[in-house]
Amino acid sequence: MRVDGARRLVRAAAAVAAFIAGPGLAQGQSAPSPQLQLCMACHGPQGNSQIPTTPSLAGQPRLFLENQLVLIREGLRNIPEMKGLLDGVKDAEIVAMAQYFAEQKPAARTGTVNDATWKRGEALAAKMLCASCHLPDYSGRQQIPRLAGQHEPFLLLSMKQFRDQPGLGRDTIMAASLYGLKDTELADLAHYLAHFR
């Protein structure tokens, strides 16, 4: 990672730490570790992302988070924004980070729901049996991620990557499940899951 990029992340982490340690922190509650603060610089306070193309980590299954963090640390998942951020992070720290974010409450998603798009997405999700793995409330389980309430642009981007760029560190079941779907169908699914109710 370039030095200027690392400096920006450190400054962002410091800003997040100041926000977290401000009046919103409950009495007796300690501020998250520096590593968690660095995570929240992009993934948002308590893991609720404020960036549409960055996933929320709050409420994700612990095992899913652990697996992804290890894949990223070992270079098996290429996420340019995270390059080098997990270098030297021990397994115990990864377990602690995953546990922290898994215990956080996902923020309610805001935004306008297009009823026709939502219904098309609902029908497609039912046809594809998405709930058989991600659970009927799309909260995820074990190594399967929570989809409900994620940012719509992030969901759409992720599904396109699964469909178009299967490879190292990617779930082959998802690549096969999304194979052949049109962009418009992925957009319907993303809208439905982002605004799942």
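The helices (runs of 4 or more DSSP H) falling completely within region 83-197 that include 1 or more residues that are farther than 18 Å from GLY59 by Cβ, in contact with a helix residue (DSSP H, G or I) (Cβ under 7 Å, 6 or more places away or on another chain) and open to solvent by 30 Å² or more (accessible area, probe 1.4 Å) map to 91-102, 115-127, 152-164, 172-178, 183-194. Is it the case, given these coordinates, that LEU76 is of a type outside the set (Asp, Glu), open to solvent by less than 80 Å² (accessible area, probe 1.4 Å) and farther than 20 Å from LEU147 by Cα? Criteria met by LEU76.
Does at least one position in region 134-157 carry a residue that is under 23 Å from ALA108 (Cβ atoms), without any contact (Cβ under 8 Å) to a residue 12 or more places away in the chain and within 18 Å of the chain's Cα centre (by Cα)?
Here is the first cut: in region 134-157, the ones under 23 Å from ALA108 (Cβ atoms) are 134-141, 144-157.
Keeping just the survivors that are without any contact (Cβ under 8 Å) to a residue 12 or more places away in the chain gives 135-136.
Filter once more, keeping what is within 18 Å of the chain's Cα centre (by Cα): 135.
For region 134-157, residues under 23 Å from ALA108 (Cβ atoms), without any contact (Cβ under 8 Å) to a residue 12 or more places away in the chain and within 18 Å of the chain's Cα centre (by Cα): present.
If you go through region 154-194 and keep only what is among the small types (Gly, Ala, Ser) and under 21 Å from GLU122 (Cβ atoms), you end up with SER158, SER177, GLY180, ALA187, ALA190, ALA194. Residues in region 46-57 that are open to solvent by 30 Å² or more (accessible area, probe 1.4 Å) and outside any loop (DSSP other than H, G, I, E, B): GLN46 only. Of all residues in region 58-79, those that are in a helix (DSSP H, G or I) and basic (Lys, Arg) total 2. Out of all the residues in region 104-118, which are within 14 Å of the chain's Cα centre (by Cα) and modelled with pLDDT of 90 or more? Residues satisfying the conditions are GLN104, LYS105, PRO106, ALA107. Does PRO23 count as buried (at least 19 other Cβ atoms within 10 Å of the Cβ) and either at pLDDT 95 or above or part of a loop (DSSP other than H, G, I, E, B) (or both)? Criteria not met by PRO23.
For first residues located in region 33-62 and without any contact (Cβ under 8 Å) to a residue 12 or more places away in the chain, partners that are part of a loop (DSSP other than H, G, I, E, B) and not polar (S, T, N, Q) and lie 6+ apart or on another chain with Cβ distances below 8 Å form the pairs GLN50/GLY44.
The values are calculated or read from the model by the stated rules, or taken from the named source; none is laboratory data. Being a predicted model, the structure only gives us computed values, none of them experimental. Quick reminder, even Gly has a Cβ in these numbers, built from the backbone with ideal geometry, and neighbours come from all protein chains shown. Quick note on the areas: whole protein, heavy atoms, side chains included, nothing else; ligands and nucleic acids left out. Shrake-Rupley method; radii C 1.70, N 1.55, O 1.52, S 1.80 Å.
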